[in-house]
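Written below as structure tokens is the structure these notes are about.
The values are calculated or read from the model by the stated rules, or taken from the named source; none is laboratory data. These figures come from a predicted structure and were not determined experimentally. Every residue, glycine among them, receives a Cβ derived from its backbone with ideal geometry; neighbour counts consider all protein chains shown. What goes into the accessible areas is simple: the full protein's heavy atoms, side chains included, and nothing from ligands, DNA or RNA. Shrake-Rupley method; radii C 1.70, N 1.55, O 1.52, S 1.80 Å.
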Amino acid sequence: MKIVLSATGPGFEAAVDERFGRCPYFLYIDSETLEIEATDNPGEKASGGAGIVAAQAVADKDVKAVLTGHIGPNAHEVLSKAGIKMFTDVTGKVREAVESFKSGNLKESTGPTVAGHFGKGPRV
Amino acid sequence: MIISIASGKGGTGKTLVATSLALSLSENHRVQLLDCDVEEPNAHIFLKPIFDKRETASIPVPVVDEEKCTHCGECSRVCVYNALAVLKTAVMTFPELCHGCGACAYLCPEKAINEELRGIGVIEIGRSGSVDFVHGVLNVGEAMAPPVIRQVKKHIFSDGISIIDASPGTSCPVIEAVKGSDYCLLVTDPTPFGLNDLALAVEAVRSLQIPCGVIINRSDVNDSQIEAYCDRENIPMLMKIPLDIEIAKLYSRGIPLVLGISEWKDRFIDLFEDICACVKQEAI
Amino acid sequence: MKEVVILSGKGGTGKTSIAGSFAALAHSKVLCDCDVDAADLHLLAMPRNGKTYEFWSGQTACIDQEKCSQCGICQDNCRFEAIAGFVVDSAACEGCGFCSHICPEEAISMTENLAGRWFISETEFGPLVHARLGIAQENSGKLVTMVRNEARRIAQEKDLCYIITDGPPGIGCPVISSLSGADLALIVTEPTLSGIHDLERVMGVCSHFKVPTMVCINKYDINAENTRQIESMSQDMGSTIAAWIPYDNAVTEALVRGIPVVQYSKEGAAKYISSMWLSILDQLTN
């Protein structure tokens with residue numbers, strides 16, 4: 001299954017970035033083969049609507065699930081509409097997060113986990 | 001003639017000056033006051049106008065006709081505000097991010113986008129005695145003041161004297177309010193904060209090529225630095241309002257200075273004459 | 001790490017004097033001035049060894065007069081009335097780029113704006129992050145966000161306990177950016193009808209963004225009736241009064257000398273500001 005993680009760097013050893021819309025990298029990973037592709041997040045430097053741009057970019061790549069820290073209301077709306085599952089409160093290294101996902105230890109989120117402007121403000 | 005009242009620093013007395021100037025001139029002139037501090041409008045507290053008209057301040061936002069939309073993504077690509085998201089089978093709009101530029105509707109190859117108005121504030125129009133009064137009030141939680149200011153300024157009348165009360169600062173809402181004025185009064189207080197922010201405000205007003213003069217409010221023993229600055233920059237010092245507990249008390253109760261202490265009326269009439277002289281000189 | 005943002009709605013109620021005093025009172029903190037279009041905290045904190053960074057944000061349309069055929073399509077379609085005589089008024093241009101897409105001659109390009117500068121300085125009270133938005137620039141919210149991110153980064157790096165943020169007046173874009181995600185908003189008001197009116201609106205913004213508030217009534221003794229009204233309004237809106245600060249000339253005297261009032265005096269306003277900081281610490285730890 002193709003999944004995507006918000007990350008602070010481009011490889012498996014990077015940390016999961018708690019911000020979805022404003023993270024620097026998206027890592028697209030095939031959870032079976034562990035094939036990995038890193039891209040910049042087009043939302044990182046957006047003036048506004050970071051979550052929207054980020055979610056649209058992710059949806060264009062046909063991923064089935066997003067693993068991240070927090071998701072704001074706008075990104076949540078786009079991702080749900082695109083039928084993408086969201087796993088939030090994910091922390092630690094990308095490699096560990098993918099393992100947890102495969103072993104079914106992550107919880108799927110049902111609503112936005114933060115109010116708007118979360119990543120736009122400072123990191124918590 | 002359009003006179004705007006601005007200041008870099010907040011709370012220096014813009015509204016005190018704007019309301020007293022409007023009241024003083026209204027006996028012999030046709031005067032209107034436009035409160036363009038739409039984030040925190042206060043002039044109505046002093047003038048207690050009776051409003052007889054109310055408009056919604058709005059911006060046009062996109063509405064997509066799903067029947068016509070082919071999800072080509074052009075609207076999302078042209079929107080620099082990221083107010084549209086296009087997925088393979090759906091399109092979504094985020095009106096609170098839209099600035100109303102109209103690019104998406106115009107550029108949609110299927111003509112699938114119409115625009116509807118989204119309210120972001122209200123404009124109220126009325127009278128206070130013989131002063132015509134207009135103000136804009138930005139809705140709480142909304143970020144964009146300039147469209148509301150633009151809508152207030154549509155009510156400027158072509159004859160008579162229009163007095164504009166601007167918001168503090170030097171960024172886009174201030175520029176939007178002050179732009180197009182014949183003269184700008186800058187109100188400051190004689191503190192290091194007042195001086196620092198006055199210099200910023202002067203820079204902003206000069207970038208618009210509008211002549212300006214300074215009023216010191218809460219004037220006291222510390223005026224000399226402001227005076228030296230104005231001398232150096234060749235900016236006229238038009239009025240000083242002293243640091244006075246009576247003036248502060250009137251202000252706290254929402255009573256305009258010229259109604260509380262009537263001898264100020266003549267000083268504001270003189271101020272207007274000084275402004276006219278400056279504007280005339282500028283025109284030569 | 002906890003962040004307190006100081007707001008007021010109405011300008012000139014004493015935000016910066018109080019922020020400067022907190023700078024002197026708090027241990028282990030970074031200072032952050034989010035009033036990016038009229039920053040004043042540096043006048044009390046006397047920064048030195050500042051590092052300057054450029055802030056690039058937004059775009060402005062630019063018409064290539066060689067290519068322009070003066071067809072007028074751009075002028076007719078610009079909603080911001082930013083093009084007149086085939087020249088762009090950069091103060092009015094919102095950078096939407098609409099004109100650049102519709103120009104049949106492809107004569108319009110969008111150029112990046114140098115929208116301001118931001119600084120990291122050292123002060124006797126600790127690090128200060130501040131900024132200066134370019135005259136007539138937009139996107140002050142984004143610059144505020146950068147300043148706050150930088151303050152947060154420094155606090156993390158140096159393991160500091162508090163971020164003290166001096167906010168801008170108003171309720172619009174830069175206020176929203178100063179507020180989101182803060183631990184507490186201290187709203188400084190004064191007992192004037194204008195102060196009350198603006199307090200209610202800025203508290204509305206805080207509750208909209210779910211940031212808890214405390215209210216400081218500055219010069220509470222200039223109008224007893226208005227002070228009572230602020231007290232009951234604060235209670236109704238689920239807030240508490242952090243301090244009642246008396247009118248005190250020492251506040252202006254300290255300002256003129258360029259030092260926080262708590263370093264200038266131990267009595268009057270200074271005394272109440274000191275105990276207010278303790279109430280805030282209490283609130284932050286609960």
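Please give the helices (runs of 4 or more DSSP H) falling wholly within region C:166-282 in which 3 or more residues are touching a Ser or Thr at 6+ places or on another chain (Cβ under 9 Å), on the phi < 0 side of the Ramachandran plot and within 14 Å of chain A (Cβ to nearest Cβ). Spell out the reasoning first.
Values: elements: C:173-179, C:193-208, C:224-236, C:249-257, C:261-264.
Answer list for region C:166-282: C:173-179.
Look at C:Ser178 and say whether it is under 22 Å from C:Glu112 (Cα atoms), buried (at least 24 other Cβ atoms within 10 Å of the Cβ) and hydroxyl-bearing (Ser, Thr, Tyr). Steps first, answer last, please.
On the way: under 22 Å from C:Glu112 (Cα atoms): no; buried (at least 24 other Cβ atoms within 10 Å of the Cβ): yes; hydroxyl-bearing (Ser, Thr, Tyr): yes.
Criteria not met by C:Ser178.
Quick check on region B:136-168: of everything there that is hydrophobic (A, V, I, L, M, F, W, C) and under 21 Å from B:Ile275 (Cα atoms), which residue is farthest from the other protein chains (Cβ to nearest Cβ)?
First, the residues of region B:136-168 that are hydrophobic (A, V, I, L, M, F, W, C): B:137-138, B:140, B:143-145, B:148-149, B:152, B:156-157, B:161, B:163-164, B:166.
Filter again for under 21 Å from B:Ile275 (Cα atoms), leaving B:156-157, B:161, B:163-164, B:166.
Working: B:Ile156: 14, B:Phe157: 19, B:Ile161: 23, B:Ile163: 17, B:Ile164: 16, B:Ala166: 11 Å.
Among them, the one singled out is B:Ile161.
Given the conditions (1) within 12 Å of chain C (Cβ to nearest Cβ); (2) open to solvent by less than 10 Å² (accessible area, probe 1.4 Å); (3) more than 21 Å from the chain's Cα centre (by Cα), and given that B:Ile245 satisfies all but one, which numbered condition is not satisfied?
Status for B:Ile245: all satisfied but (2).
Is at least one residue of region B:233-256 farther than 20 Å from B:Thr12 by Cα, in the same structural domain as B:His29 (by TED's automatic domain parsing), of a type outside the set (S, T, N, Q) and in a helix (DSSP H, G or I)?
Pass one, region B:233-256, residues farther than 20 Å from B:Thr12 by Cα: B:233-234.
Pick out the ones that are also in the same structural domain as B:His29 (by TED's automatic domain parsing) and you get B:233-234.
Among the residues that remain, those that are also of a type outside the set (S, T, N, Q) are: B:233.
Now restrict to residues that are in a helix (DSSP H, G or I): B:233.
The answer is yes; a qualifying residue exists.
Whether any residue in region B:210-219 is touching a Leu at 6+ places or on another chain (Cβ under 8 Å), in a helix (DSSP H, G or I) and within 30 Å of C:Pro174 (Cα to Cα) is what I want to check. Quick ask: steps written out before the conclusion?
First, pick out the residues of region B:210-219 that are touching a Leu at 6+ places or on another chain (Cβ under 8 Å): B:212-215, B:217-219.
Going one step further and asking which of them are in a helix (DSSP H, G or I), we end up with none.
Scanning region B:210-219 turns up no residue that is touching a Leu at 6+ places or on another chain (Cβ under 8 Å), in a helix (DSSP H, G or I) and within 30 Å of C:Pro174 (Cα to Cα).
Test of understanding: among C:Ile245, C:Ile241, which residue is open to solvent by less than 10 Å² (accessible area, probe 1.4 Å) and among the aliphatic types (A, V, I, L, M)?
Working: C:Ile241 fails: open to solvent by less than 10 Å² (accessible area, probe 1.4 Å).
Of C:Ile245, C:Ile241, the one residue that is open to solvent by less than 10 Å² (accessible area, probe 1.4 Å) and among the aliphatic types (A, V, I, L, M) is C:Ile245.
Working only within region A:57-78, note down all residues that are buried (at least 24 other Cβ atoms within 10 Å of the Cβ) and of a type in the set (Lys, Arg).
Scanning region A:57-78 gives no hits.
Determine whether region A:47-56 contains at least one residue that is touching a residue at least 12 places away in the same chain (Cβ under 8 Å) and open to solvent by 50 Å² or more (accessible area, probe 1.4 Å).
no
With the condition kept exactly as written, say whether any residue in region B:194-208 is outside any helix (DSSP H, G or I), at pLDDT 95 or above and open to solvent by less than 10 Å² (accessible area, probe 1.4 Å). Can you show your working first?
The initial filter retains those residues of region B:194-208 that are outside any helix (DSSP H, G or I), namely B:208.
Next, only the ones that are at pLDDT 95 or above stay: none.
Among the residues of region B:194-208, not one is outside any helix (DSSP H, G or I), at pLDDT 95 or above and open to solvent by less than 10 Å² (accessible area, probe 1.4 Å), which makes the answer no.
Quick one: which residue in C:Met110, C:Met146 is within 12 Å of chain A (Cβ to nearest Cβ) and either touching a residue at least 24 places away in the same chain (Cβ under 8 Å) or touching a strand residue (DSSP E or B) at 6+ places or on another chain (Cβ under 7 Å) (or both)?
Working: C:Met110 fails: within 12 Å of chain A (Cβ to nearest Cβ).
On inspection, the qualifying residue turns out to be C:Met146.
Does A:Glu13 qualify as being part of a loop (DSSP other than H, G, I, E, B) and out of contact with any Cys (no Cβ under 9 Å at 6 or more places or on another chain)?
Criteria met by A:Glu13.
Based on what the data block shows, is C:Cys103 closer than 27 Å to B:Met144 by Cα and either open to solvent by less than 40 Å² (accessible area, probe 1.4 Å) or of a type in the set (Asp, Glu) (or both)?
Numbers: closer than 27 Å to B:Met144 by Cα: no; either open to solvent by less than 40 Å² (accessible area, probe 1.4 Å) or of a type in the set (Asp, Glu) (or both): yes.
Answer is no for this residue.
What strands (runs of 3 or more DSSP E) lie completely within region B:1-97 and have 3 or more residues being free of Cβ contacts under 8 Å to residues at least 60 places away in the same chain? Let's see the steps before the verdict.
Details: elements: B:2-6, B:31-35, B:50-64, B:84-86, B:91-93.
The strands (runs of 3 or more DSSP E) meeting that bar are B:50-64, B:84-86, B:91-93.
Test C:Phe86 against the criterion of being surrounded by 15 or more Cβ atoms within 10 Å (Cβ to Cβ) and touching a Leu at 6+ places or on another chain (Cβ under 7 Å), and give yes or no. Walk me through it before giving the result.
On the way: surrounded by 15 or more Cβ atoms within 10 Å (Cβ to Cβ): yes; touching a Leu at 6+ places or on another chain (Cβ under 7 Å): no.
For C:Phe86, the condition - surrounded by 15 or more Cβ atoms within 10 Å (Cβ to Cβ) and touching a Leu at 6+ places or on another chain (Cβ under 7 Å) - is not met.
Only one residue in B:Asp165, B:Asp132 is at negative phi and either open to solvent by 20 Å² or more (accessible area, probe 1.4 Å) or at pLDDT below 95 (or both). Which one? Can you show your working first?
On the way: B:Asp165 fails: either open to solvent by 20 Å² or more (accessible area, probe 1.4 Å) or at pLDDT below 95 (or both).
Residue meeting the stated conditions: B:Asp132.
C:Gln137 passes all but one of (1) facing another protein chain (nearest Cβ under 7 Å); (2) touching a Cys at 6+ places or on another chain (Cβ under 9 Å); (3) within 13 Å of C:Val5 (Cα to Cα); (4) not basic (Lys, Arg); which number fails?
(3)
Quickly run through region C:1-38 and pick out the residues that are small (Gly, Ala, Ser), within 9 Å of chain B (Cβ to nearest Cβ) and either open to solvent by 10 Å² or more (accessible area, probe 1.4 Å) or farther than 20 Å from B:Thr12 by Cα (or both).
Initially, region C:1-38 is screened for residues small (Gly, Ala, Ser), giving C:8-9, C:11-12, C:14, C:17, C:19-21, C:23-24, C:26, C:28, C:38.
Subsequent filtering for residues that are within 9 Å of chain B (Cβ to nearest Cβ) retains C:8-9, C:11-12, C:14, C:17, C:38.
Answer for region C:1-38, where residues must be small (Gly, Ala, Ser), within 9 Å of chain B (Cβ to nearest Cβ) and either open to solvent by 10 Å² or more (accessible area, probe 1.4 Å) or farther than 20 Å from B:Thr12 by Cα (or both): C:Gly12, C:Gly14, C:Ser17.
So which residues in region B:8-26 are open to solvent by less than 10 Å² (accessible area, probe 1.4 Å) and within 25 Å of B:Ser158 (Cα to Cα), if there are any at all?
Within region B:8-26, B:Val17, B:Ala18, B:Thr19, B:Ser20, B:Leu21, B:Ala22, B:Ser24, B:Leu25 qualify.
Answer yes or no as to whether C:Gln70 is more than 12 Å from chain B (Cβ to nearest Cβ), outside any loop (DSSP other than H, G, I, E, B) and more than 28 Å from the chain's Cα centre (by Cα).
No, not satisfied.
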